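A.B. asks: Sharing a structure below in structure tokens format, with a few things to ask.
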Amino acid sequence: MGLYFSHPACLEHDPREQMPSHPDSPERLRAIERRLAGADWLGWERRQAPPASEADLELVHTRRHVESVRELSAAGGGAIDPDTYVGEASFRAALHAAGGACAMTGALLAGEDEVGFCAIRPSGHHAEPDRAMGFCLFDNVAVAAELAIRELGVERAMIFDWDVHHGNGTVEAFRRRRDVLVVGLHQQGIYPGSGSLADMGSGEGEGFTINLPVPAGSEEDLWLSLIEHVVVPVAQSFEPQLILVSAGFDAHRDDPLAGCRLESASFARMACHLRELARARGAPLGAVLEGGYAPAALAESVELTMRALAGEGEAESAAPEALLTADAASHVSRYWEL
Ligand SMILES: [Zn+2]
């Protein structure tokens, strides 16, 4: 049915110890697990997320960065920036977060299942090779993708990031590369400020970064339209052997940190398109938790996403929505035949 990875250590990372109003609370993960437990885990196989090694982290991050987080955590913790906190338990939590993404990827590539979900914290997609930021310490999905390329025989991996914030860390990790296609949908004009349509990667990697910013207030129609008419056709041309999703759920209409208007079922509808893409390619599909700060909406969205990954529902076709999709398609088609 699917492989579900998590670890109790991921509950121990708590930025509220230092900033009581911080939105990234362990309750997010507890809400997900309460809901899934109430649904008998949807029949998925639950596995413990093992810790990543520091060598794994250094596939993407500098040694200096890994050491600085470890040392800050060992010293009792502190603020890295006004959003990003490290506590005594945070380094260990971050090792299990990245390790979960790596273990899921390894299991999927070994053929143990076709789909996976990693319910881990802290999230990762804002962490750049040499710095933590935006609640993120290490870029879990980037480390897993790089491990797949370097050690598990994958030649082309795709990372699709549907978190409402731009995944700047993942883009920076792979912006000069052609073997990892990074595609993200995100709300324009909010944190971290990067991710314009014009940024298509750099040097040899030009065309292999695709940023699809959407305006505040965007609803499901636009998100699905961009997936169907831009993301899926590009992915079909790229022919990924592995698809990883940076699965943030903060584009939900209930989320306090952004202004998009997706429903819980919208994430499942996006997941259906990715599942069909992955099946058609024979590529495994794994999702890794990023943001999502309204715990009830987050838990419902995760459950519906997992159901879709495991085969419920069908990918529905939508009319190309609005000018935005056409603009994005014409921009991206300079590199890809759309
Ligand atoms: Zn986010």
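A.B. asks: Does region 227-281 come out rounded, prolate or oblate by the C-alpha gyration tensor, with a ≥ b ≥ c the root eigenvalues, rounded set by a/c under 1.5 and, if not, prolate when a/b is larger than b/c and oblate if not?
C.D. replies: Cα axes put region 227-281 in the prolate bin.
A.B. asks: Using only helices, what value at 222 nm comes out for the chain when you add -39,500 (n - 2.57) per DSSP H run of length 4 or more and divide by the total residues, to the nearest 500 deg cm²/dmol?
C.D. replies: After summing the helix terms and dividing by the residues of the chain, the value is -11500 deg cm²/dmol.
A.B. asks: Calculate how steeply helix 322-332 sits against the longest principal axis of the alpha-carbon atoms of the chain, using the helix alpha-carbon long axis, and give the answer as 0 to 90 degrees to the nearest 10.
C.D. replies: 80 degrees
A.B. asks: Also, I was wondering about something else. I'd like the carbon and sulfur percentage of the solvent accessible area for region 53-205, probe radius 1.4 Å, heavy atoms only, ligands and nucleic acids excluded.
C.D. replies: Carbon with sulfur: 46 percent of the solvent-accessible area.
A.B. asks: Sort 166-179, 325-338 for me by packing, meaning the mean count of neighbouring Cβ atoms within 10 Å per residue, highest on top.
C.D. replies: My ranking of the peptides, most packed first, is 166-179, 325-338.
A.B. asks: Something else: Alpha carbon centre of region 43-105 versus region 219-288: separation in Å?
C.D. replies: Centre-to-centre (Cα) distance: 26 Å.
A.B. asks: Next question. Which percentage, to the nearest 5, of the DSSP beta bridges contained in the chain is antiparallel?
C.D. replies: Just about 15 percent of them are antiparallel.
A.B. asks: Which value, in Å² rounded to 10, gives the accessible area of residue 85 with a 1.4 Å probe and all protein chains present?
C.D. replies: Taking all protein chains as shown, residue 85 has close to 30 Å².
A.B. asks: Give the angle, between 0 and 90 degrees and rounded to the nearest 10, that separates the Cα long axis of helix 140-151 from the longest principal axis of the Cα atoms of the chain.
C.D. replies: Here the helix axis deviates by roughly 80 degrees.
A.B. asks: With a Förster radius of 51 Å, plug the Cβ-Cβ distance of residue 279 and residue 71 into 1/(1 + (r/R0)^6) and report the FRET value to the nearest 0.05.
C.D. replies: 0.70
A.B. asks: Could you please state, rounded to a whole Å, how far the C-alpha centre of region 165-197 is from the C-alpha centre of region 303-338?
C.D. replies: 17 Å
A.B. asks: How much of the calculated P(r) for the chain lies past 34 Å, in percent of all Cα pairs?
C.D. replies: So the pairs more than 34 Å apart make up 14 percent of the total in the chain.
A.B. asks: Counting heavy atoms of the protein chains only and a 1.4 Å probe, report the per residue accessible area for the chain as a whole number of Å².
C.D. replies: With the other protein chains kept in place, the chain gives 36 Å² per residue.
A.B. asks: How far is it, in nm, from the label point at residue 323 to the one at residue 62 when both lie 7 Å from their Cα along the line to the Cβ?
C.D. replies: The answer from the label model is 4.3 nm.
A.B. asks: If I build a Gaussian network model for the chain, linking alpha-carbon pairs within less than 10 angstrom, which residue out of 45, 303, 228 has the largest mean-square fluctuation?
C.D. replies: In the Gaussian network model the winner is 45.
A.B. asks: Right, next: Taking the Cα atoms only, what angle lies between the long axis of helix 63-74 and the longest principal axis of the chain, rounded to 10 degrees?
C.D. replies: With both axes taken from Cα atoms, the answer is about 50 degrees.
A.B. asks: Sticking with this one: Quote the convex hull volume per residue of region 1-148, based on C-alpha atoms, as a whole number of Å³.
C.D. replies: 89 Å³
A.B. asks: If you don't mind, there's one more thing I want to ask. Ignoring solvent entirely, what values of log10 I(q)/I(0) come out of the Debye formula for region 150-306 at 0.14, 0.17 Å⁻¹ when each Cα is a single scatterer?
C.D. replies: Relative scattering, expressed as log10 I(q)/I(0), comes to -0.63, -0.94.
A.B. asks: Right, something else. Can you tell me, using C-alpha contacts under 8 Å and at least 6 residues apart, the relative contact order of the chain as a whole percent?
C.D. replies: With pairs under 8 Å counted, the relative contact order is 18 percent.
A.B. asks: What FRET efficiency do you get for residue 110 and residue 88 if R0 is 25 Å and r is their Cβ-Cβ distance, rounded to the nearest 0.05?
C.D. replies: The pair residue 110/residue 88 has a calculated efficiency of 0.15.
A.B. asks: Quick check: net charge around residue 16, other residues with Cβ under 11 Å of its Cβ, Lys/Arg +1 and Asp/Glu -1?
C.D. replies: Taking every Cβ under 11 Å from that of residue 16, the sum is -4.
A.B. asks: Taking the full set of protein chains and a 1.4 angstrom probe, give the accessible area of residue 63 in square angstrom, rounded to the nearest 10.
C.D. replies: 150 Å²
A.B. asks: Give me, ordered by chain and number, the residues 5 or more places off residue 116 or on other chains with an amide H under 5 Å from its own placed amide H.
C.D. replies: 3, 285, 286, 287
The values are calculated or read from the model by the stated rules, or taken from the named source; none is laboratory data. Note that the structure is predicted; figures quoted are calculated from it, not measured. Every residue, glycine as well, gets a Cβ built from its backbone with ideal geometry; the counts of neighbours run over all protein chains shown. Ligands, DNA and RNA are excluded from the accessible area calculation, which covers all protein heavy atoms including side chains. Shrake-Rupley method; radii C 1.70, N 1.55, O 1.52, S 1.80 Å.
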